[in-house]
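A.B. asks: Pasting a structure here, questions to come.
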Amino acid sequence: MGHEWIIDVIADLQHFASTHDLKLLEQQLHCAATVASSEISQIVDHTCPVNQGDGSETRQFSAIVGASGRA
C-alpha cells in the first residue's frame, strides 16, 4: 500500500471542508494533496526495483531513502 493512503485521507478532509463551507481549509488541503502526491511519486521513483546481474541468480534491490529523502 505504501504512502498512497494519505491522499485518501486528505481527500476525505477536503470533502468535509467543502461540505461545511470551509473554503480556505479546502484550498489548503488541495495544496497538501498536491505536495503529498509529488513527494510520494519521488519516493516511488527512488525505490523502484532494479535488476542486478544477468545470470539465473539475478537479484533485485531498491535504493534506501534516508532522512534527507535522497538515496
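The values are calculated or read from the model by the stated rules, or taken from the named source; none is laboratory data. All values derive from a computational prediction rather than experimental measurement. Don't worry about glycine lacking a Cβ; one is built from the backbone with ideal geometry, like all the others, and counts go over all protein chains shown. Accessible surface is based on the protein model in full, side chains and every heavy atom, while ligands, DNA and RNA are left aside. Shrake-Rupley method; radii C 1.70, N 1.55, O 1.52, S 1.80 Å.
A.B. asks: Using the structure shown, decide if ALA17 is more than 13 Å from the chain's Cα centre (by Cα), surrounded by fewer than 14 Cβ atoms within 10 Å (Cβ to Cβ) and modelled with pLDDT of 95 or more.
C.D. replies: Answer is no for this residue.
A.B. asks: Provide a single number: the residues in the stretch 26-41 that are among the charged types (D, E, K, R) and either open to solvent by less than 40 Å² (accessible area, probe 1.4 Å) or farther than 9 Å from GLN14 by Cβ (or both).
C.D. replies: 1
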